[in-house]
Every structure is written in C-alpha cells, then in structure tokens.
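Asker: This is the structure I want to talk about, given as structure tokens.
The values are calculated or read from the model by the stated rules, or taken from the named source; none is laboratory data. Quick caveat, the model's predicted, so the values are computed rather than measured. Heads up, the Cβs are rebuilt from the backbone with ideal geometry, glycines too, and the neighbour counts pull from every protein chain shown.
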Amino acid sequence: MRSRTIPMREVHVWELPVRLYHWINALCIAALCITGYLIGDPPALMKGTEAYHNYWFGTIRFVHFVSSFLFFFNFLFRIYWGFTGNEFSRWYNFIPLKRCQWKEIINVIKVDVLQITNKQIDSIGHNSLASFVYFITFLIFLLQCLTGFGMYTAMSSSFLPKLFAWVVPFLGGDMQVRQLHHILMWGFILFAMVHIYLVFYHDYIERRGVTSSMIGGWKFIEEDVIQRHENKTDDCPKGF
Amino acid sequence: MENKQPSFYDEVKGNGISRKDFLKFCTTMAAMLGLEASGVGQIVKALESKPRLPVIWFHFQECTCCSESFIRASHPIVANIVLDKISLDYQETLMAASGFQAEEAYKSVMAKYPGEYIVMVEGSIPTENEAYCCIGGRSALQILQEAAANAKAVVAWGNCASSGCVQAARPNPTGAKPVHKVISGKPVINVQGCPPIADVMAGVVVHLLTFDRIPQLDGLGRPKAFYSRRVHDTCYRRANFDAGLFVDSFDDEGAKRGYCLFKMGCKGPVTYNSCGIIKWNDGVSYPIQSGHPCIGCSEEGFWDNGPFYQHLPNVKGFGIETTADKIGVGLGVATAVGIAGHAILTNVRKHREIANTPEKGSETQTPKEL
C-alpha cells in the first residue's frame, strides 16, 4: 500500500451562493448552447405534417429564452456577490491589477499548462490565471446578454429587453448581432471543454478535492500554503 | 411664397380622380401609417389645403428601381403627383429640361423655398474619388451637400441612399457612402429596401405633408410605422417555423407544402420591413409567398451578409464557405487534441510521482518535494 501523511487543513472556500451560482450557470449554459445551436441550425426532422400539429421549435426557443433570463439574473447576482462574498469570491481576484497576480499567471502557465517545472501554486481559491480567464468569460457573458436581449427586443414590449434596444443599431442590424451571438456561443463551448478537463487535472495532480469543493464548499489545503497565506505581507488580493 | 401653389387635391382633380377615390386613398394612408380614425381627416385636410411639397429628387449611384417601385404604388395618387409634376422642380430621370435649364430648375427651387423643400435621394455617394459620380460638372457630394443645406428634410430612398447597397459592398471600390454619412444637421429618413415598397414611399410623403415633421424613426433611421416589425414576425409561414417544419431544398416535400424557408437562408428573422403585411404590386405577393427566402434587402450591408441561400453568414477573413460553425468545430477539435496531449503529459508526471511515493511512507512530505 502506497501512502503518505501530509498536514492539511479544510478551508471553506466556496460559500453556498457561489456554489448555487455555479450550478445554475452550468445548467443554463448547457441549455442555452444546445437550444441555441438548434435555433441557429434547425434539423428538418419532419415532413408531411401540418403546422397546427406541432410546436417543438417554439418550445426549443421558449427554453432558450427562459434560460437566458435565468442566466442573466444569475450573472447579475454573481456580480453583486463579488462585492459582498468572502475573500475568494471578491471581484479583485478576477482582474489582474497587481504584479503578484501576473507573476502567478506566468507560474501557472509554467507549472500547469506547459508542465516544465514542478513548483507549487499557492492560491487557495482560483489561481490567478483561472481568475483572469473567468474575467474574460464574464465579458463574454456580458456580450452574450447584450446581443441576445438586443435581438429579443423585436418581439417583446417588456421593460428589460427594451433596455437593450440600442444594441442592434449600434452593431448595424440584427444580422450582425446574430452572427456575433453565434460566434460567442463557441466561446462558451470551448471554455466548457477546457474547464471540465482542468477540474479533472487539478483534482488528479493537486488532490485538494477541487471537484467536490463545488458541491460541499470545502477544499483541502496544505498547512504550509495556509501559513504563507496568513502571514502574507505584500499587497496581493486577499483571496489569492 | 410668391404665388399660391395648387394642393395635392387640386392636382388630382385635374387628373380625373374622383372625390371618392381621393378619400379612399387618404383612408388607406392613415391605416398604413398606423393612425387612429381622426388621422384620416387630418390627411384629407392636409392634401386639400397644403401646397404640394417642393421636391428635389437626385439620382446618384443607383439603378432607379426606387422610382420604378414608386410609380407602381397600389394607390398611385402621390406617385403621380410627385413624379408627374416633379418635372416642375427637379428629377433627373423624368424632367424634360436638360443642361442649363435643368440646373436652373433646381437652383430656383432652392432659392424659392429655402427651408421648405425636401431633398429626395436615390443612390449612394462616392467618396473614394468624388469624380465617380458627377452631374453637370459637379460631384454628387457637392450637389447633395449644397441642396441639403437649406432643405427641410432629406429622404433617402432605398438601400443605396440608406446604407450603400451593392456599391458599398466589399471591397467598395468607389468608397460609396449613404446619405446620412455625408451630410449633417438635417433629419434623414431612411426608406429602406431594394427597392422600398411603393406604398411605404407614398406613406412617407403623405406623413411629411400632413404633419409637417418627419415620422418617428427607429435606431437605423427607418420610419417605425413600416420598419418596426420583422418580416419573420409578420410572415404567414411563421407557424411552420414554430412547428419546426422547414424546407430542406427547393422543390422538396416541405417546399410544396409551404414550410418555413429558414434553412434556405431566409433573412426574414433579421429583417425589418412591411413585406409580409403590405406586400408588393397591389398586395399580390412578396418573395416568401412566392417560395423564395427573404434576402434582407432593407438591412444594412445585406450584400456582405453571406450567401443568400445560407442563413448563417460566412466569417470575414476566413475564405469563402466558412461559417462560424465550421470555425467553431475546428477550434473544438484543436482544443480536444490539446487536452489529449496535456492529459498524456500529466499522466507521465503523475506516474513518476506515484512511483516515488514510498511503499511504507509515513513521514511528512509536501507535494513540492515529490
């Protein structure tokens, strides 16, 4: 039996609202990508029937629209939580304004992406590269909401979509908005592929229980990492 | 005004149009403009009492299909007046005058009715080299800017004048620009379409005359009364879209049953126009009713929005026949290959790490040392 003893501590990293946000977001994105792809390129499944017997494409679009509202408000909630949540969920983790964040980004590229050195990454929450990538996805979320609701204004007279009415003339027309919306969908798909793989990777290599941390909220962190974290004197973000 | 100009009604009476036909026309226009019942009276009064609008009608880089459309209005009273009598003012295609006389005609309109005349433009304006379109030795740009300076409003007929149309399609050799991009300080009404629907053109003229102000416009400068709804939302085939019944190729079973043309590249879902309601040629039909997908001619840059028979446009800079989906799948495969490579590397590393862990390890280690 191969075994070893490593002093570790359990850290409550992801609070319940963050976890809920994550899973609602994941479900919404899955639903939106599947229905969105079908809306962009619907299969001609049925022949020899009349329109009044069927409504499946209308249902697909309905699911897309409901998911998009859920996605939007969930996203707004996450932005709010970035200002009130714990140190690991705060906004300053996501925008690399400090030198130490950039230093860690380079480290993560060396250690986890290229695997050329074996140095330990000290972050307890997201590492700096992950945070930065999430920040880019937030920008994509924003663009996707703008373009999506921009197209939705044409068929809605309610308050919220009307706020996005300026998007269509700004981009020159519905065609351009739809094209951008469609291209950005691929951003979500590519992100999801890499994201899921990296969760496996980190759990495999670091064994901090990152997969289950998004269910239970707790992570196993090595004692020495916590020591360094608590004695930190430089001006790095706290959740770092 | 020096002498009393005849009103629209005076003009049509002379043309043998009965009072009844005149009232029918006014009612139709009120309905098209989306006015309430009292609007009919306002239109009747305006057409009876107000003098005909002084109009200068320019043809720049265009094909005259807007004029052609206009004279085919189902209620041709306005077109008759504007086009028949316009030779009094200035309209390059129709006026009898030529040379100095023609120049004189348009200069006299500008001198006689400053701030009152309407400039109507068909066609785009070249800016790469202004010489691509010259009339009477002056460039389209010079002529338009001079005429617009004292105009009450500018009406941009069709896609050319509203967004450049085919002349402005890539690579746009003449640097063609729409009216609203070359003049400033004047209201511009973009009456979109290639060509616009005749009754829409008439409606805009009636609105200008009746209410003395430009109609309410959308974000792209188009009159909301005619361009606030998508062709898709007013399409009689819409039920087939919601039911998921699509034409897969021309002449297939679905095409015969009148299914939705979305997969045939129909741009109805991204096009704002009244084709589905007013239709063409006295309400006879419109492209989708005739079995052809909408090409989106009332939208900006519709020539560059990918092939007409493909609903997703090609991505610029990636060669022909490359849609966002093809690029997306390519990137997806590349990502999967990257992940596989990374996973192999990770496993080599992991294997080494496990091998280095002692069989009976109990001493404290940090992963860094492994």
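Asker: Which of the residues spanning region B:128-142 are in a helix (DSSP H, G or I) and surrounded by fewer than 21 Cβ atoms within 10 Å (Cβ to Cβ)? Outline the logic, then answer.
Answerer: Quick first cut of region B:128-142, residues in a helix (DSSP H, G or I) only: B:130-132, B:140-142.
Correct list: B:Glu130, B:Ala131, B:Tyr132, B:Leu141, B:Gln142.
Asker: Also: Just to verify a result, which residue in region A:1-19, among those that are within 13 Å of chain B (Cβ to nearest Cβ) and in a loop (DSSP other than H, G, I, E, B), is nearest to A:Gln227 (Cα to Cα)? Spell out how you get there, then give the answer.
Answerer: In the first step, residues of region A:1-19 are kept if they are within 13 Å of chain B (Cβ to nearest Cβ); the result is A:1-8.
Adding the requirement that they be in a loop (DSSP other than H, G, I, E, B) leaves A:1-4, A:6-7.
Values: A:Met1: 30, A:Arg2: 27, A:Ser3: 24, A:Arg4: 21, A:Ile6: 14, A:Pro7: 12 Å.
The qualifying residue nearest to A:Gln227 (Cα to Cα) is A:Pro7.
Asker: Kindly indicate the residue of region B:255-313 that is buried (at least 19 other Cβ atoms within 10 Å of the Cβ) and hydroxyl-bearing (Ser, Thr, Tyr) and also farthest from the other protein chains (Cβ to nearest Cβ) among those meeting that condition.
Answerer: B:Tyr286
Asker: Residue by residue through region A:166-209, note down the ones that are aromatic (Phe, Trp, Tyr), more than 7 Å from every other protein chain (Cβ to nearest Cβ) and under 29 Å from A:Asn86 (Cα atoms). Walk me through it before giving the result.
Answerer: If we filter region A:166-209 for residues that are aromatic (Phe, Trp, Tyr), which is where we start, we get A:166, A:170, A:186, A:188, A:191, A:197, A:200-201, A:204.
Retained after the next criterion (residues that are more than 7 Å from every other protein chain (Cβ to nearest Cβ)): A:170, A:188, A:191, A:200.
Result: A:Phe188, A:Phe191, A:Phe200.
Asker: Name the single residue, out of those in region B:316-362 being facing another protein chain (nearest Cβ under 7 Å) and exposed (fewer than 11 other Cβ atoms within 10 Å of the Cβ), that is modelled with the lowest pLDDT.
Answerer: Ranking the candidates gives B:Ser362 first.
Asker: Out of A:Val225, A:Val194, I need the residue that is within 28 Å of A:Ser131 (Cα to Cα) and surrounded by fewer than 18 Cβ atoms within 10 Å (Cβ to Cβ). Which one? First the steps, then the outcome.
Answerer: Working: A:Val225 fails: surrounded by fewer than 18 Cβ atoms within 10 Å (Cβ to Cβ).
Unique residue meeting the criteria: A:Val194.
Yes/no matrix, rows are residues, columns are (1) over 19 Å from the mean Cα position of the chain (by Cα); (2) outside the structural domain of B:Ile77 (by TED's automatic domain parsing); (3) not hydrophobic (A, V, I, L, M, F, W, C):
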| position | (1), (2), (3) |
| --- | --- |
| B:Val182 | no, no, no |
| B:Ile197 | no, no, no |
| B:Asp233 | no, yes, yes |
| B:Ala243 | yes, yes, no |
| B:Ser249 | yes, yes, yes |
| B:Met264 | yes, yes, no |
| B:Val270 | no, yes, no |
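Asker: May I pose another question? If A:Phe77 passes every condition in (1) within 30 Å of B:Ser249 (Cβ to Cβ); (2) in a helix (DSSP H, G or I) but one, which one does it miss?
Answerer: Only one criterion is unmet by A:Phe77, namely (1).
Asker: Name the single residue, out of those in region B:108-127 being in a strand (DSSP E or B) and touching a Leu at 6+ places or on another chain (Cβ under 7 Å), that is farthest from B:Pro178 (Cα to Cα).
Answerer: If we filter region B:108-127 for residues that are in a strand (DSSP E or B), which is where we start, we get B:118-122, B:124-126.
From what's left, touching a Leu at 6+ places or on another chain (Cβ under 7 Å): B:118, B:121, B:125.
Numbers: B:Ile118: 17, B:Val121: 10, B:Ile125: 6 Å.
Looking at the filtered set, the residue picked out is B:Ile118.
Asker: Could you give me the residue pairs with C-beta distances under 7 Å whose first residue belongs to region A:45-67 and is at the interface with chain B (Cβ under 7 Å from one of its Cβ atoms), whose second residue is exposed (fewer than 15 other Cβ atoms within 10 Å of the Cβ) wherever it lies, and which are 6+ apart or on separate chains?
Answerer: Between residues of region A:45-67 that are at the interface with chain B (Cβ under 7 Å from one of its Cβ atoms) and residues that are exposed (fewer than 15 other Cβ atoms within 10 Å of the Cβ), the close pairs are A:Lys47/B:Glu253; A:Gly48/B:Glu253.
Asker: With respect to the numbered conditions (1) more than 13 Å from every other protein chain (Cβ to nearest Cβ); (2) touching a strand residue (DSSP E or B) at 6+ places or on another chain (Cβ under 7 Å); (3) assigned to a helix (DSSP H, G or I), which one is the sole condition not fulfilled by A:Ser212?
Answerer: With (1) more than 13 Å from every other protein chain (Cβ to nearest Cβ); (2) touching a strand residue (DSSP E or B) at 6+ places or on another chain (Cβ under 7 Å); (3) assigned to a helix (DSSP H, G or I) applied to A:Ser212, the lone miss is (2).
Asker: Exactly one of (1) in contact (Cβ under 8 Å) with a residue 40 or more places away in the chain; (2) surrounded by fewer than 16 Cβ atoms within 10 Å (Cβ to Cβ) is unmet by B:Gly41. Its number?
Answerer: Against the list (1) in contact (Cβ under 8 Å) with a residue 40 or more places away in the chain; (2) surrounded by fewer than 16 Cβ atoms within 10 Å (Cβ to Cβ), B:Gly41 comes up short only on (1).
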